[in-house]
Amino acid sequence: PRVCVVGSGPAGFYTAQHILKHHAGALVDIYEKLPVPFGLVRFGVAPDHPEVKNVTNTFTQTARSGRCGFYGNVAVGRDVTVPELQQAYHAVVLSYGAEDNRVLGIPGENLPGVYSARAFVGWYNGLPENQDLKPDLSCETALILGHGNVALDIARILLSPLQLLRKTDITDSSLAALACSKVKRVWLVGRRGPLQVAFTIKELREMINLPGARAVLDPADFTGLESAVKDASRPRKRLTELMIKTALEKPVEMQAGAAAPREWGLKFQRSPQEVLPSADGSRARGVRMALTRLEGSGDSAKAIPTGDVEELECGLVLSSIGYRSLPLDPAVPFDSRRGVIPNSSGRVQGVPGLYCSGWVKRGPTGVIITTMNDSFDTAQSLLEDLQGGVLDISPSREGFGLVESILHSRGVRPVSFSDWEKIDAAEVARGKAAGKPREKIVDPAEMLRIIGH
């Protein structure tokens, strides 16, 4: 059987890995719209979390397998359609992730000084489409809307000592911008309470221990939570206890003459109503918040506006309320309300031979291990369909042979995995000169020049 996987992030690679491991004859081709592989591992994981990026070693082994092909620089839906892939392969798996972000839907969100978390993360991680972001870091206070791990990542990058960031694979241009940053206070704001935060204890602990930055948590926000957390799961309990402990700790006395520390804090039960413009209307100067009360408890609690409002002053607003998948091709069913492809265990509804895995299958939540299990689940569905004869593999399919002629006729030249390894080597060499693990190349045209495209 010839299988095609669209997208080379964790979902794509884990799907391919599982199929190759459990079917001795399957051939898998992975298509990627960028010239470089690994998706969110390269462009989403924070630069100061290198250990999380080690999964690329496993993905590299998969790509080097004799039964796996990698074709970068090919945008499915534009350079080749899904029906064309279906003619070339026995099965097609869509694993292209979430390429957009949810919008706040409030007045002023398009003012200068307001950015989506996705674009900001893409900017410091070298995602080509975000290279011209040039965020204005000339204010003292930044406001991040959202209480997830991405929100904490951004807060940490904004407040980290430069000497820590210099040793990471953060892009050169964002490092230069952060060196001139005036931001010294970051508020992370959520609509619900401490029991509903979506970040994990590892990320919170890292933020609390960040050198040169102190946590500002209001003990009043945690009143009565000790009893409420009794029935919560162990991770939720430990997370809440750490927040309470941090809120109650006395601030460390500063030595006379020491620079005022940077600080960050969590604000709860506030829902953004409007980004407020500066007097001349040229940029954001703050956010008006509706204060909320919670109805219900635990993860299902709803935030209901109380009618009271407050204004928070800030010159930088980062919206971290979630990523969103987009439809790829008119031939593929898509639930635009939920931002997913309708499916059952990864089988796309009503389209035999078409599958999906990762965020486009279940929505943009979870960490790499969640995506791994989810992708194995989809791959298992595909393998069962092969075994049960649901997928007809009697007609031979040409696979990349057919796709190559289509791409050639449209003037598209794919990038192979060995091409990527040349780009990789160039990045590592540039990084070495600067004392970093790598210096990412952010311009696709330069990537293609390196490989002589």
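Taking segment 407-423 as the range and being assigned to a helix (DSSP H, G or I) and without any contact (Cβ under 8 Å) to a residue 40 or more places away in the chain as the test, the residues that pass are 408, 409, 418, 421, 422.
Considering only residues that are closer than 19 Å to residue 409 by Cβ and not hydrophobic (A, V, I, L, M, F, W, C), which ones fall in segment 73-92?
Once the filter is applied, which keeps residues that are closer than 19 Å to residue 409 by Cβ and not hydrophobic (A, V, I, L, M, F, W, C), segment 73-92 yields 73, 77, 78, 79, 81, 83, 84, 86, 87, 89.
Take the residues in segment 407-437 that are more than 20 Å from residue 71 (Cα to Cα) and open to solvent by 50 Å² or more (accessible area, probe 1.4 Å), then tell me which one is farthest from the chain's Cα centre (by Cα). Among them, the one singled out is 433.
Of the residues screened, residue 3 is one that is under 27 Å from residue 387 (Cα atoms) and either surrounded by 21 or more Cβ atoms within 10 Å (Cβ to Cβ) or touching a Gly at 6+ places or on another chain (Cβ under 9 Å) (or both).
Taking segment 350-360 as the range and being outside any loop (DSSP other than H, G, I, E, B) and surrounded by 24 or more Cβ atoms within 10 Å (Cβ to Cβ) as the test, the residues that pass are 355, 356, 359, 360. Scanning segment 209-224 for residues that are of a type in the set (A, V, I, L, M) and in a loop (DSSP other than H, G, I, E, B) yields 210, 217. Taking each residue of segment 242-257 that is assigned by the TED database to the domain that holds residue 209 and closer than 16 Å to residue 207 by Cα and looking for partners that are at pLDDT below 95 and among the acidic types (Asp, Glu) with beta-carbon atoms closer than 9 Å, six or more apart or interchain, yields 244/226. Listed by position, the strands (runs of 3 or more DSSP E) enclosed by segment 262-349 that each have at least 3 residues that are of a type outside the set (Lys, Arg), surrounded by fewer than 17 Cβ atoms within 10 Å (Cβ to Cβ) and in contact with a Ser or Thr (Cβ under 7 Å, 6 or more places away or on another chain) are 302-313.
Comparison of 39, 12 shows that the only residue that is in contact (Cβ under 8 Å) with a residue 24 or more places away in the chain, buried (at least 23 other Cβ atoms within 10 Å of the Cβ) and either at positive phi or not assigned by the TED database to the domain that holds residue 358 (or both) is 39. Filtered by the rule that a residue be at pLDDT 95 or above, open to solvent by less than 60 Å² (accessible area, probe 1.4 Å) and of a type outside the set (Gly, Ala, Ser), segment 392-406 gives 400, 402, 403, 406.
The values are calculated or read from the model by the stated rules, or taken from the named source; none is laboratory data. Source: prediction; values computed, not measured. Counting neighbours? That spans all protein chains shown, and the Cβs are built from the backbone with ideal geometry, glycine included. Quick note on the areas: whole protein, heavy atoms, side chains included, nothing else; ligands and nucleic acids left out. Shrake-Rupley method; radii C 1.70, N 1.55, O 1.52, S 1.80 Å.
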